[in-house]
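> Dumping the structure here so I can ask a few things about it.
The values are calculated or read from the model by the stated rules, or taken from the named source; none is laboratory data. On a predicted model such as this, the values are computed, not experimentally measured, just so you know. So basically every Cβ, Gly included, is an ideal-geometry build from the backbone, and we count neighbours across all protein chains shown.
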Amino acid sequence: MKLWGGRFSKQAAKLLDEFNASLPFDKELYIEDIEGSIAHSQMLAKQGIITKDEAEKIKEGLLEIKKEIEEGKFKWDISDEDIHMAIEKRLIELIGDTGKKLHTARSRNDQVAVDFRRWVLKRNLEFAKKIKELIKVFVDIAKEHTTTLLPGMTHLQHAQPISFGYHMMAYASMFKRDYERFMESFKRNNINPLGCAALAGTPHPIDRFETTNALGFKEPTVNCLDTVSDRDFALEILFNISMLMMHASRLAEEMIIWSTSEFGFITLSDEYSTGSSIMPQKKNPDVPELIRGKTGRAYGNLMALLTVMKGLPLAYNKDTQEDKEGVFDSVKNGLISIEILKETLKTMRVNKENMLKATKKGHLTATDLADYLVNKGIPFREAHHITGRAVALAESKGVDLSDLSLDELKSIDERIGEDVDLSLENSMNSRKSYGATAPERVKEQIEYFEKFLKESR
Ligand code: ARG
């Protein structure tokens, strides 16, 4: 018989059990469910709603169940519907009638809200920690490459010389925003739903501040009607993961491009690349490709829950049971993606020579020549035109603009003097504005992120 079976005269159909049950996936919440129930029953005792002895018996029973689950001895039965009822039923089996008092002044609506919220809160912190480890890798790589030249791109076309360290710091900036988003979600959602009961609160003299402290929340939620159907915390982590994966997919795409024979900027380590089942010579970038692919899946999970929540009337509706699988999936795939991205970056080889060779293609210092001419008092439009002619000359000779001799440059315009320096290094070194690619500025950025890593502990 179901725990709620009192008003029913027939057993539920097997098909209904299968359709209705969340137990196969919400088992994941067993720790939060047990902790929540212990906090709830301790509070009930403190308030004189049950006795201290009863609360102790309940606690012992719940801890026994935790052990059973962890040792694989717990008997999962889909007709229990969900983790909340599976544990409560087992508690009653173990300690008898006292177990029946646990659900006083509580509903599964606030129970699932508190369990799932706490599970998600913990994962926000896990993501934040992982992201910091990733940022540390960007910092380590950047330190070694503050003067390693590569072509900075716009439109995926060579644009201006930058350093690889500068490029890494771009990603550090991106992922730092992700870190902040996970932390902000944690702070905003760190509020306690327990005690809201079904939707309207309870006539029992409970103390929601007591369970708030016991479970480590900042404060109780303010309105119970909202609380039992609020899934913003779940949507937020799905969005945070989507954004994080979008960022990871951009780096993944660059790693895929960089590891082609055309580019050859990086070589992925054997540990983090894969072979082909037919072409013996191949080494494939499956890691970044999977990250790129899993990003689509993360977006899907976000869209799915947004759609589930759309138009739901207050308060709890069973629709919301559909909130969990997507979140579990996004969390699992998001965490492993960031972990493996970090390892792949740590172990890849950076091919400086190939980066330099590529930087010599595409006349990357053309803007520098135009800027030089502007400094000689020539209006920018004219300087742009003169530079265009210099580029054409270099093209006709099959060399890079930075390789033209002073005489060749002078043949384009007499005003070009000895002080002209179109080298790639000079181009990079001269970009000293705050946040720019000059090595001393990149060092500043490295220090900025080191400070962030230290202070956000
Ligand atoms: N398994 C349910 C869920 O995940 C728990 C809440 C059930 N509440 C109810 N009134 N049926 O949403």
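> Of the residues Leu356, Leu290, which is at pLDDT 95 or above, assigned to a helix (DSSP H, G or I) and more than 29 Å from the chain's Cα centre (by Cα)?
Of Leu356, Leu290, the one residue that is at pLDDT 95 or above, assigned to a helix (DSSP H, G or I) and more than 29 Å from the chain's Cα centre (by Cα) is Leu356.
> When you go through Leu345, Leu335 one by one, which is the residue that is away from the ligand (no atom under 16 Å from the Cβ), part of a helix (DSSP H, G or I) and either loosely packed, with under 14 Cβ neighbours inside 10 Å or under 14 Å from the mean Cα position of the chain (by Cα) (or both)?
After applying the criteria, what remains is Leu335.
> Based on this model, can you work out whether Val137 counts as touching a helix residue (DSSP H, G or I) at 6+ places or on another chain (Cβ under 6 Å) and either part of a loop (DSSP other than H, G, I, E, B) or within 16 Å of the ligand (Cβ to nearest atom) (or both)?
Criteria not met by Val137.
> Next question. I'd like the full set of residues that are charged (D, E, K, R), surrounded by 14 or more Cβ atoms within 10 Å (Cβ to Cβ) and out of contact with any His (no Cβ under 9 Å at 6 or more places or on another chain), limited to the range 388-424.
Once the filter is applied, which keeps residues that are charged (D, E, K, R), surrounded by 14 or more Cβ atoms within 10 Å (Cβ to Cβ) and out of contact with any His (no Cβ under 9 Å at 6 or more places or on another chain), the range 388-424 yields Asp403, Glu408, Lys410, Asp413, Arg415, Asp421.
> Anything in the range 402-430 that is touching a residue at least 60 places away in the same chain (Cβ under 8 Å) and either part of a loop (DSSP other than H, G, I, E, B) or among the charged types (D, E, K, R) (or both)? List them, or say none.
Glu425
> Looking at the range 367-380, is at least one residue surrounded by 15 or more Cβ atoms within 10 Å (Cβ to Cβ) and acidic (Asp, Glu)?
Yes, the conditions are met somewhere in the range 367-380.
> Quick check on my filter: what residues within the range 300-316 are within 14 Å of the ligand (Cβ to nearest atom) and not in a loop (DSSP other than H, G, I, E, B)?
Within the range 300-316, Leu305, Val308, Met309 meet the criteria.
> Something else about it: Among residues belonging to the range 76-96 that are more than 10 Å from the ligand (Cβ to nearest atom) and more than 16 Å from Leu62 (Cβ to Cβ), point out the one that is surrounded by the most Cβ atoms within 10 Å (Cβ to Cβ).
Ser79
Matching residues to (1) buried (at least 22 other Cβ atoms within 10 Å of the Cβ); (2) more than 16 Å from the ligand (Cβ to nearest atom):
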residue	(1), (2)
Asp286	no, yes
Leu290	no, yes
Gly293	no, yes
Ala298	yes, yes
Lys318	no, no
Glu322	no, no
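> If Arg7 passes every condition in (1) under 26 Å from Lys324 (Cβ atoms); (2) within 16 Å of the ligand (Cβ to nearest atom) but one, which one does it miss?
Tallying (1) under 26 Å from Lys324 (Cβ atoms); (2) within 16 Å of the ligand (Cβ to nearest atom), Arg7 fails exactly one: (1).
> What single numbered condition from (1) touching a residue at least 40 places away in the same chain (Cβ under 8 Å); (2) closer than 30 Å to Asp140 by Cβ fails to hold for Phe328?
Phe328 satisfies every listed condition except (2).
> Given the conditions (1) in contact with a helix residue (DSSP H, G or I) (Cβ under 7 Å, 6 or more places away or on another chain); (2) farther than 30 Å from Glu425 by Cα; (3) basic (Lys, Arg), report the number of the one that Lys346 does not fulfil.
Of (1) in contact with a helix residue (DSSP H, G or I) (Cβ under 7 Å, 6 or more places away or on another chain); (2) farther than 30 Å from Glu425 by Cα; (3) basic (Lys, Arg), only one is false for Lys346: (2).
> While we're on this one: Would you please list the contacts, defined by Cβ atoms under 7 Å and residues six or more apart or on different chains, that run from a residue in the range 92-121 that is more than 12 Å from Thr227 (Cα to Cα) to a residue that is of a type in the set (Ser, Thr, Tyr) and within 16 Å of the ligand (Cβ to nearest atom)?
Leu102/Ser37; Ala105/Thr202
> Checking the condition within 16 Å of the ligand (Cβ to nearest atom), small (Gly, Ala, Ser), crowded, with 18+ Cβ neighbours inside 10 Å and farther than 22 Å from Lys46 by Cα, which residue from Ser229, Ser249 passes?
Every option except Ser229 fails the conditions.
Condition check ((1) more than 16 Å from the ligand (Cβ to nearest atom); (2) under 21 Å from Asn426 (Cα atoms); (3) surrounded by fewer than 23 Cβ atoms within 10 Å (Cβ to Cβ); (4) not small (Gly, Ala, Ser)) across all residues:
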position: Ser107; (1), (2), (3), (4): no, no, yes, no
position: Val112; (1), (2), (3), (4): no, no, no, yes
position: Glu126; (1), (2), (3), (4): yes, no, yes, yes
position: Glu133; (1), (2), (3), (4): yes, no, yes, yes
position: Met153; (1), (2), (3), (4): yes, yes, yes, yes
position: Thr202; (1), (2), (3), (4): no, no, yes, yes
